[in-house]
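*Asks:* Below is a structure I'd like to ask you about.
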Amino acid sequence: MTHLLATATSTAPLNIAAMKILLLAPALLCLSFELFAASAGNPIKGEEIFQQCAACHQVGADAPNTVGPNLNHLFGRTAGSVEDANYSDAMRAKGADESLIWNEKTLFQFIAGPQRYVPDTIMGFEGLRTEKKIKNVLAYLIQFSPAYEADSLAAVDPEVAAGTALPVISSTLEEEPVPEFTDEFLASSTAIENGGELWATQCRHCHGNSAYPGKAPKLRPSAYTPDFVFDRVTNGFRKMPAWKSVFTLEQRKELVANILSSEFAP
């Protein structure tokens, strides 16, 4: 033992660091798996955070594919494999060529940075920035994958998943009141400025700067009423997703104030 320590001491410092890594490796492996475990999250908090995703992804009985695929039976599923769903070529290749299976570990990494984990994905979401939020979302979503064994990281046969009934999960989110748009609110510089920031971070992706040019049709605010704009932002229209689950009531009102203001010039 003395000989071994003397040998280690006489070698370069880099070898000492390597020995420390080897000694810590078992603990790191245990920690890394715990990091991804969906069971460590809070599904109630996860439902709240999932509202950022719900504009493009649905869960629950009869959940359709919308802007993105539905997330029923997500855990244990091959990436890019939902029939008739809108996927990028990069996502389909992840499943077909790299056999990527969604589980606690891979979903954690993807949600933390979609573009980093699947370069060229069409998912525009930048990712959640804290471990706690990601765990909470995973805890919420795993409820809709009843055929998957939690923390197993195992694939699930698609036929088995399709034949497994989804549980009935009641939402904990409350219904919101009908908004009121006063002249004072619509003229508020604070509301207009806050709405402009929301537009820049979220809406510009499709509508472009001040609504034109962009992927979506040009807007004509002079022809709109506040209630009309609020309804479109809240409930969506055709290919436009509903933003009720992403923005708070006050944020959507501020978007209306910005769009109908003189500062918004499509």
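The values are calculated or read from the model by the stated rules, or taken from the named source; none is laboratory data. If you're wondering where the values come from, they're calculated on a predicted model, not measured in any experiment. Here Cβ is always computed from backbone atoms with ideal geometry, including for glycine, and neighbour counts include all displayed protein chains.
*Asks:* When the stretch 25-61 is examined, which residues are found to be exposed (fewer than 13 other Cβ atoms within 10 Å of the Cβ) and modelled with pLDDT of 90 or more?
*Replies:* Of everything in the stretch 25-61, just one residue is exposed (fewer than 13 other Cβ atoms within 10 Å of the Cβ) and modelled with pLDDT of 90 or more, namely ALA61.
*Asks:* Please go through the stretch 178-221 and pick out each residue that is under 11 Å from PHE264 (Cα atoms) and modelled with pLDDT of 85 or more.
*Replies:* ILE192, GLU193, GLY195, GLY196, TRP199, PRO221
*Asks:* Looking at this structure, is THR2 modelled with pLDDT under 95, of a type in the set (Val, Ile, Thr) and over 30 Å from LEU173 (Cβ atoms)?
*Replies:* Taking the combined requirement at face value, the residue satisfies it.
*Asks:* Condition (residue is out of contact with any strand residue (DSSP E or B) (no Cβ under 7 Å at 6 or more places or on another chain), modelled with pLDDT of 95 or more and surrounded by 13 or more Cβ atoms within 10 Å (Cβ to Cβ)) applied to the stretch 164-174: is it met by at least one residue?
*Replies:* There is at least one residue in the stretch 164-174 that is out of contact with any strand residue (DSSP E or B) (no Cβ under 7 Å at 6 or more places or on another chain), modelled with pLDDT of 95 or more and surrounded by 13 or more Cβ atoms within 10 Å (Cβ to Cβ).
*Asks:* Let me ask another. Going by the conditions given, is SER145 outside the structural domain of CYS203 (by TED's automatic domain parsing), in contact with a His (Cβ under 8 Å, 6 or more places away or on another chain) and modelled with pLDDT of 95 or more?
*Replies:* yes
*Asks:* Looking only at helices (runs of 4 or more DSSP H) that fall completely inside the stretch 35-128, which ones have 2 or more residues that are under 13 Å from the mean Cα position of the chain (by Cα)?
*Replies:* Filter on the stretch 35-128 gives 43-50, 104-112, 114-117.
*Asks:* Give the stretch 74-97 a look and list any residue that's in contact (Cβ under 8 Å) with a residue 40 or more places away in the chain and not β-branched (Val, Ile, Thr), or say none.
*Replies:* If the condition is that a residue be in contact (Cβ under 8 Å) with a residue 40 or more places away in the chain and not β-branched (Val, Ile, Thr), then LEU74, PHE75, GLY76, ARG77, SER81 are the ones that fit.
*Asks:* Among the residues of the stretch 52-106, write down those that are of a type in the set (S, T, N, Q) and over 30 Å from ARG232 (Cα atoms).
*Replies:* The answer is THR78, SER81, SER99, ASN103, THR106.
*Asks:* Please state which one of GLY208, GLY163 is at positive phi and either among the small types (Gly, Ala, Ser) or without any contact (Cβ under 8 Å) to a residue 40 or more places away in the chain (or both).
*Replies:* GLY208
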